[in-house]
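Undergrad: A single structure is presented below for examination.
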Amino acid sequence: MVAYLVLLFAVFSRFLPHLFNSTAIGFTAVGGGLLYFGARRSRWQTIIAVLALMVADYYLTVFAYGYAFHTSAYLVTWVWYGAICLLGHQILSGKPSAVRVTVGVLASATSFFIFSNFAVWMGSIMYPHTVAGLSACYIAAIPFYANDLISTALTAGALFGLPALVRSIAQTMDESHGNHIA
């Protein structure tokens, strides 16, 4: 159940900048939420996460941005949603460690930066289809990458780290309590 609440939070986080006219573009719980959902749910449930975010993409494109919706513009993003869920399942199900969470965070944010910006460069006329144009596309996206990396680290760190911290505190208290009784 918690994984579904995290998924809802991740979807809702896509809308927050629009609700508050914020400039924190790219600062969402999507990467960390997908890693967590993937780690806590079976592989086949990845489709649920992808569908939920597809609906958010459609709504934001049509209603928040006022653009026509073109499925082809989102294919890379939708494949990425599924891949990050599956990555979370592969490396973070069971007993996630700080190293594994860090790898998941870096892989999530960096892969989105690389693939989404390559797709922008390939599929639009915003940048010339040259090495210089590709470089300009990536350079222009660095602030988005920074926001995504930070928000993914905060989200995944909280989702995977807080339960571990609580367990550690509880274990310490149990051990301390046991020492006082003996």
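The values are calculated or read from the model by the stated rules, or taken from the named source; none is laboratory data. These figures come from a predicted structure and were not determined experimentally. Positions of Cβ are generated from backbone atoms using ideal geometry, with glycine treated the same way; all protein chains shown enter the neighbour counts. Side chains are part of the model used for accessible areas, which takes the heavy atoms of the whole protein and leaves out ligands, DNA and RNA. Shrake-Rupley method; radii C 1.70, N 1.55, O 1.52, S 1.80 Å.
Undergrad: Determine the gain in length on full extension of the stretch residue 136-residue 174; use 0.36 nm per residue of separation and subtract their C-alpha separation, reporting nm with one decimal.
TA: In short, 8.1 nm is gained.
Undergrad: Follow-up. Can you tell me the FRET efficiency between residue 86 and residue 2 if r is taken as the Cβ-Cβ distance and R0 is 25 Å, rounded to the nearest 0.05?
TA: Result of the calculation: an efficiency of 0.85.
Undergrad: What does the C-alpha gyration tensor say about the overall shape of the chain? Classify as rounded when a/c is under 1.5, otherwise prolate if a/b is larger than b/c, or oblate.
TA: prolate
Undergrad: Using the Karplus curve 6.51 cos²θ - 1.76 cosθ + 1.60 with θ = phi - 60°, what ³J(HN,Hα) values do you get for each residue of region 2-17, in whole Hz, with x for Gly and Pro?
TA: 4, 4, 5, 5, 5, 4, 4, 4, 4, 5, 4, 4, 5, 8, 3, x
Undergrad: Next question. Using only Cα atoms, find the angle between the long axis of helix 30-40 and the longest principal axis of the chain, and express it within 0 to 90 degrees, rounded to the nearest 10.
TA: Computed tilt is about 50 degrees.
Undergrad: Taking the Cβ-Cβ separation of residue 16 and residue 129 as r and a Förster radius of 45 Å, what is the calculated FRET efficiency to the nearest 0.05?
TA: Efficiency, from the Cβ-Cβ distance: 0.85.
Undergrad: Gap in Å between the Cα centre of region 104-126 and the Cα centre of region 1-54?
TA: So the separation of the two Cα centres works out to 18 Å.
Undergrad: Roughly how many Å² is the accessible area per residue of the chain, as a whole number, for a 1.4 Å probe?
TA: 59 Å²
Undergrad: What shape does region 124-182 take by its C-alpha gyration tensor, where a ≥ b ≥ c are the square roots of the eigenvalues and a/c under 1.5 counts as rounded, a/b above b/c as prolate, and the rest as oblate?
TA: Taking the square roots of the gyration eigenvalues as a ≥ b ≥ c, region 124-182 is prolate.
Undergrad: If you don't mind, another one. Would you kindly derive the ³J(HN,Hα) couplings of region 162-176 from the backbone phi angles with the Karplus curve 6.51 cos²θ - 1.76 cosθ + 1.60 (θ = phi - 60°), listing them in order in whole Hz, with x for Gly and Pro?
TA: With the stated coefficients, region 162-176 comes to 4, x, 5, 5, 4, 4, 5, 5, 4, 5, 4, 5, 4, 5, 5 Hz.
Undergrad: Now a separate question. What ³J(HN,Hα) values, in whole Hz, does the Karplus curve 6.51 cos²θ - 1.76 cosθ + 1.60 give for region 127-133 when θ = phi - 60°, with x put for Gly and Pro?
TA: Values per residue, Gly and Pro as x: 10, x, 7, 9, 4, 5, x Hz.
Undergrad: Just to confirm the filter: which chymotrypsin sites (Phe, Trp or Tyr not before Pro) across region 35-140 are DSSP coil and have at most 12 other Cβ within 10 angstrom of their Cβ?
TA: 65, 67
Undergrad: What does the net charge come to around residue 90 if you take all other residues with beta carbon closer than 11 Å to its beta carbon, with K and R at +1 and D and E at -1?
TA: Result for the neighbourhood of residue 90: +2.
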